[in-house]
Structures are given as C-alpha cells and as structure tokens.
1. Quick one: in the stretch 63-85, of everything that is among the hydrophobic types (A, V, I, L, M, F, W, C) and open to solvent by less than 60 Å² (accessible area, probe 1.4 Å), which residue is farthest from Ala38 (Cα to Cα)?
2. May I ask you to list the residues in the stretch 33-57 that are part of a strand (DSSP E or B) and surrounded by 10 or more Cβ atoms within 10 Å (Cβ to Cβ)?
Amino acid sequence: MANQKDNANTPEHLNIEISEEVAEGTYSNLAIITHSNAEFIVDFVNVMPGNPKNKVKSRIILSPMHAKRLLGALADNVRRFESENGEIKDLDAIEIPMNFGGPAAQA
C-alpha cells in the first residue's frame, strides 16, 4: 500500500470530456478583452462583412492568474506554429477582400 508521500510524487491526470457540440467549435475572427480587478472577460465574435449587427458567440471569464497562464500558452503555441509554418502576418499587413475570397454577391 502506498503512503501519502508516494502519492504526492505521482503526477495527477485530468479526465476531460468534450461533447460533440462543443467539439465542433465556434469560429471567431474578433476577440474583445476587458477586465476588472477580479477577472478578465474575453468575448469571441464572428464579424461578417455587410452584417451591421454582429453577436458575441462565446464569453470566457478568467481569473487574472488563468489569464496570464493563457497568455503564456498562446505565446508558446504561436512560437511553435511559426517555427513550423513561418511567420504569421498581422492583419494590418494583409488586405482582406470584403467577399472573403468567394464570388461577389449579386442580386
């Protein structure tokens, strides 16, 4: 039988499940970040050309500690992505056509 000291050295494993609906994901091309002294709020929006009113698709609320951990994890993943795929161009440097590359709409 293992004692408490042995259990303290055993790595813990998280058992995480994801529903099919959540696994499909929600596309977002805009994130709006606000904060208070107790939390960071990240609203994810899908902005579509010609749509005068775009809705928040998802809101994530994080503690300041978890917001900082997310920042580090995103930075690490961007570095790894760029090392494999090349530099990600900033939107300021890329001109996005209003039709998002598809055929122009006609009435």
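1. Ala75
2. Narrowing the stretch 33-57 to residues part of a strand (DSSP E or B): 33-35, 40-45, 56-57.
Result: Ile33, His35, Phe40, Ile41, Val42, Asp43, Phe44, Val45, Val56, Lys57.
The values are calculated or read from the model by the stated rules, or taken from the named source; none is laboratory data. Please read all numbers here as calculations on a predicted model, not as lab measurements. Positions of Cβ are backbone-derived with ideal geometry, glycine not excepted, and every protein chain shown enters the neighbour counts. In case anyone asks, the SASA skips ligands and DNA or RNA and just uses the protein heavy atoms, side chains included. Shrake-Rupley method; radii C 1.70, N 1.55, O 1.52, S 1.80 Å.
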